[in-house]
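Each remark here refers to the structure printed beneath this line.
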Ligand SMILES: [Zn+2]
Ligand SMILES: [Zn+2]
């Protein structure tokens, strides 16, 4: 058999489609994975709606930037670097590997990726929502050992992204501290678990959906409230009028950003992680004194090893709904309608 099924974006703004396409062959340095699981993420909706057009993506393109697979073939020059039949996750934010950011492990902030046409899988080149996928470098493969690929695949983004955001704010989360988590979706439900496990701080989860607030409590949030104008007063009351040491905004829409500005403490950290397109206004008297505003993106390769280790120890439990790849179109529509709880994962 030389063809495979893939969920592809054909034209920006239109539903992705299940198509029959050729199985790719690994060129020099490349590895071929037989996909075991692919996570769908809210950014996929944004890609379909506008990013693919804005960035001139080569279309059709297979979606899926959360990818798990088994190594089944490798091109010249790389065979000695990989283990056939090994189960792996794919590190997503590919970089040049040479610049100062990449040298420090921050491939997610590579200076050259954009200019050199290096895209993450599923975000500018073919991703994992298919039966097979090519990976350009052996270093992007992180072994999952005994983890179930369906459970593990959201680690590549839904866990890696909040874990990375937590790193620079961790020192502020002591036993007297509060962390606010906006948005209990794919990333937020993992963020709650990470904060609870890695820090002694109390977590206040905010969301617009009652089901997501129930999930927040299940994941260990100390408090869970509706994200609306009243939430500011609730957070101020809980924190004795001082605000939370750290705010993590996994929605990033204008409404959550406007609320976040009023909940962050003096010298606190305000992490705007979500890609909801909201804009923060920053200036004297507008944000709390000496407040740090962060705009993190994804995470490092080392951090992906960390979240895999945490998952193997049972610290991170991913709330996953599994759908067959053939149902990818319908699953995408569920995601678009905000019906997915935790993470939607496609399996070929
Ligand atoms: Zn994502
Ligand atoms: Zn680089």
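The values are calculated or read from the model by the stated rules, or taken from the named source; none is laboratory data. Predicted model, so just to flag it, every value in this text is computed and none were measured. Cβ placement follows ideal geometry from the backbone for every residue including glycine, while neighbour counts extend to all protein chains displayed.
A few points about this structure:
- Residue check, residue 6 within 16 Å of ligand 1 (Cβ to nearest atom) and touching a strand residue (DSSP E or B) at 6+ places or on another chain (Cβ under 6 Å): no
- Residue check for residue 165: within 21 Å of residue 240 (Cα to Cα) and assigned to a helix (DSSP H, G or I): no
- Given (1) modelled with pLDDT under 95; (2) not assigned by TED's automatic domain parsing to the domain that holds residue 243, number of the condition residue 136 does not satisfy: (1)
- From the options 88, 72, residue that is in a strand (DSSP E or B), touching a helix residue (DSSP H, G or I) at 6+ places or on another chain (Cβ under 9 Å) and modelled with pLDDT of 95 or more: 88
- Scanning region 277-327 for residues that are assigned to a helix (DSSP H, G or I), more than 20 Å from residue 36 (Cα to Cα) and touching a helix residue (DSSP H, G or I) at 6+ places or on another chain (Cβ under 7 Å) gives 301, 303, 306.
- Residue selected from region 175-187 under the condition in contact (Cβ under 8 Å) with a residue 40 or more places away in the chain and over 15 Å from residue 270 (Cα atoms), by the criterion surrounded by the most Cβ atoms within 10 Å (Cβ to Cβ): 184
To keep it simple, each residue is scored yes or no on (1) surrounded by fewer than 22 Cβ atoms within 10 Å (Cβ to Cβ); (2) in contact (Cβ under 8 Å) with a residue 12 or more places away in the chain.
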site	(1), (2)
214	yes, no
228	yes, yes
238	yes, yes
241	yes, no
248	no, yes
277	yes, yes
285	yes, no
